[in-house]
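We did not get these values from a lab; they are worked out from the coordinates using the rules stated. If you're wondering where the values come from, they're calculated on a predicted model, not measured in any experiment. Neighbour counts are summed over all protein chains in view; Cβ atoms, including those assigned to glycine, are modelled from backbone coordinates with ideal geometry.
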Amino acid sequence: MKNFLIPLFSLLMLIGCKEQPHDNSSSAEKGKKTVQQQEEIQLEKIWETDTVLKTAESVLYDKAKHRLLVSNVNQNGWEMDGDGFISEVDLQGNIKSLTLIEGISSPKGMALIGDTLYVADSKEIAKINLATKEIIKRFSTEDMEEPQFNDIVEKNGTLYISACNAKSIYKIENDSLQLAHKGSLSRPNGLFFRNDSLFVMNSKSEDLKVVFEEEKLKTLTKNLGVGDGITAFNDKEFIVSDWHGRLFHIDKSFQKKLLLDTREENQNSADILYLEEKNLLLVPTFNGNTLAAYQIKTRH
């Protein structure tokens, strides 16, 4: 099988190999500059939906229609019971349609290509025509009875899907489901492409890894709890979630800082999304049955 990802050389060069310009400043001046350059990131909740969602797991922005799509697992997180659905929420947190799309079971991650929505649905990936709201195809694999498909990310028209129980990454290419990466992933969950590197949140090993060659992984950040969602904060940094209710900021050196902890409120943090152009961080609360929205504030 061919390698499907290019090595992460450019990103690693940014971390460890960038030559620093000569600075003739005094020690006191350098210390002052360092303090001034450190930005503290804080979250401010601006809205939260009513608690009528049913185990909200993932959120996707439909830019063409200026709306949010939220996957609802409903009952039984991995069962093919047919009671899952997709909700439509506006950017102010109003639920416009609770059951916009039905006929799915345990929907989690989603991806949108044109007017076609792809939904990871435990044992299969559902391909849905958003205009008609009809499921037009279901992809499944014979490799494993319970793959537990979870998140989806799109790269140049190819979809990559995490499979928790299979410890693998699958892909849909040319309208066909194939195995893309099978290795030492530990319940892979959230996925994110940056350039040609695939970043993977792992819920069992509680870390952030990058896949940079077939069967080759690099661990970037550890001790992230039950790793779930991952979203870009900017072109060098991430925000990731611990399913139990924590959010972390991951800086360009892959160091983590806690942003939010809602464990005491029994609110989970599932498959998150940050819309940089709107400064809106969206957090499905799973057992909290809501979608919460935060603005990110930075200060020196």
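Odds and ends about this structure:
- Taking amide H positions as modeled 1.01 Å from N, with prolines and chain starts lacking one, the residues under 5 Å from residue 280 and 5 or more places away or on another chain are 275.
- In plain terms, the residue of 118, 61 with the fewest other Cβ atoms within 10 Å comes first and the most crowded comes last, giving 61, 118.
- Our estimate of slack between residue 287 and residue 99, defined as 0.36 nm per intervening residue step minus the Cα-Cα distance, is 65.9 nm.
- Springs between Cα atoms under 10 Å define the GNM used for the chain, and in it the highest mean-square fluctuation of 180, 111, 64 occurs at 64.
- MRE, 222 nm, helices only [DSSP H, n ≥ 4, -39500 (n - 2.57), over the chain, to nearest 500]: -2000 deg cm²/dmol
- Considering only alpha-carbon pairs that sit under 8 angstrom and 6 or more positions apart, the relative contact order computed for the stretch 36-194 is 13 percent.
- Taking every alpha-carbon pair under 8 Å whose residues sit at least 6 apart, the chain reaches a relative contact order of 17 percent.
- Protection proxy ranking, peptides 202-208, 87-93, 279-285, average beta carbon neighbours within 10 Å, highest first: 279-285, 202-208, 87-93
- For the pair residue 42 and residue 146, a Förster radius of 41 Å applied to the C-beta separation gives a FRET efficiency near 0.50, rounded to the nearest 0.05.
- Pairs from 209/256; 182/204; 54/278 whose Cα-Cα separation, in the structure shown, is over 18 Å: 54/278
- Helix 27-37 axis versus longest C-alpha principal axis of the chain: approximately 20°, rounded to the nearest ten.
- Within a Gaussian network of the chain (alpha carbon springs, distance under 10 Å), most fluctuating of 55, 231, 262: 262
- Taking Lys and Arg as +1 and Asp and Glu as -1, the other residues whose beta-carbon sits under 9 Å from that of residue 263 total -3.
- All Cα pairs of the stretch 200-275, percent lying beyond 18 Å: 34 percent
- 101, 161 arranged by Cβ crowding within 10 Å, fewest neighbours leading: 101, 161
- The stretch 110-202: relative contact order in percent, alpha carbon pairs under 8 Å with at least 6 residues between: 19 percent
- Listed residues 132, 99, 290, most fluctuating in the chain (Gaussian network, C-alpha, under 10 Å): 132
- Per-residue extension of 0.36 nm, minus the Cα-Cα distance of residue 75 and residue 116, leaves a gain of 12.2 nm for this segment.
- As a rough footprinting exposure proxy, the listed residues 249, 66 were ranked by other beta carbons within 10 Å of their own, and the order from fewest upward is 66, 249.
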